[in-house]
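Have a look at the structure below before the remarks.
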Amino acid sequence: MPYRHIRKEKRVKIRKSNESDKIEIEKIHTRAFGKEKGPVIAGLVNGLFHDPTAEPRLSLVAEEDKKIIGHILFTKVVVTQTREPVSAQILAPLAILPEVQNRGIGTLLIKEGLDRLRQAGGELVFVLGHPNYYPRSGFIPAGALGYEAPYPIPMEHANAWMVQELCPGGIGRVKGRVVCSDVLNQPEHWRE
Ligand SMILES: CC(C)(COP(=O)(O)OP(=O)(O)OC[C@H]1O[C@@H](n2cnc3c(N)ncnc32)[C@H](O)[C@@H]1OP(=O)(O)O)[C@@H](O)C(=O)NCCC(=O)NCCS
């Protein structure tokens, strides 16, 4: 039951982020990812906000009682080795404040993001993340389907590189290596 928590979260509102949310968004990533990784991820988010090659971009926040408690970012990717253009995005990163984790808010942000991308004509969404978490929201391993990550993923983590189609036939129509925006395509973000 992937969305079983969501019904309880009536007070949580999802909306697009705006300029004045940036400091709160930075805090969320810093706290959710911890002392070592947090500042790096917060810096990545800030970089992606200013990266023209990341557009179109979708940045959503979860708000409860007017306080921002979660953030998700989708940015543009290009699937190479294909002559047909495809509307594709990558989900990175997603963070929920530690004190409100495991209440379904991450799942809710993913669902809302995918719905909005679908409505905007999106076809594919990629993610590099926990292979026990993202499949609940419809992601499946991407490597075996012919989508190469920007940098090689070690064999033991192959299932962490995932994709989801937003329209029937999205997967299979195009294949090849996925190239992210300039900021996200740096090797340090693919080393984990
Ligand atoms: C990972 C994260 C975004 C999940 O958001 P959330 O709102 O806490 O998660 P949800 O409430 O939607 O889902 C909870 C379920 O996911 C599982 N889950 C949470 N984090 C997980 C992880 N890192 N790996 C696998 N499963 C995870 C929980 O165990 C729970 O399972 P259950 O439903 O069987 O009890 C959040 O914990 C977070 O911000 N973590 C720190 C930052 C991070 O790791 N971001 C993701 C980078 S890929």
Normalised by the number of residues in the chain, what is the relative contact order in percent for Cα pairs under 8 Å and 6+ residues apart? 23 percent
Ordering 68-74, 150-156 by per-residue average of other C-beta atoms within 10 angstrom, highest first, gives 68-74, 150-156
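Over the range 79-135, what percent of the accessible surface lies on carbon and sulfur atoms, probe 1.4 Å?
47 percent
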How big is the antiparallel share of DSSP beta bridges in the chain, given as a percent to the nearest 5? 80 percent
Scaled by the rule-of-thumb 2.2 N^0.38 Å, the alpha carbon Rg for the chain gives a ratio of 0.98
Given LYS13/LYS76; LYS16/LYS66; LYS27/LYS66, which pairs have Cα atoms separated by over 21 Å? LYS13/LYS76
Equivalent ellipsoid dimensions for the range 70-181 as semi-axes, Å, which come from the Cα gyration tensor, largest first: 23, 17, 12
Counting only heavy atoms of the protein chains, get the accessible area per residue of the chain (1.4 Å probe) and round it to a whole Å² value. 54 Å²
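The values are calculated or read from the model by the stated rules, or taken from the named source; none is laboratory data. The structure displayed is predicted, hence computed values, not measured ones. Cβ atoms come from the backbone with ideal geometry, glycine included; neighbour counts cover every protein chain shown. Accessible surface areas use protein heavy atoms only, side chains included; no ligands, DNA or RNA. Shrake-Rupley method; radii C 1.70, N 1.55, O 1.52, S 1.80 Å.
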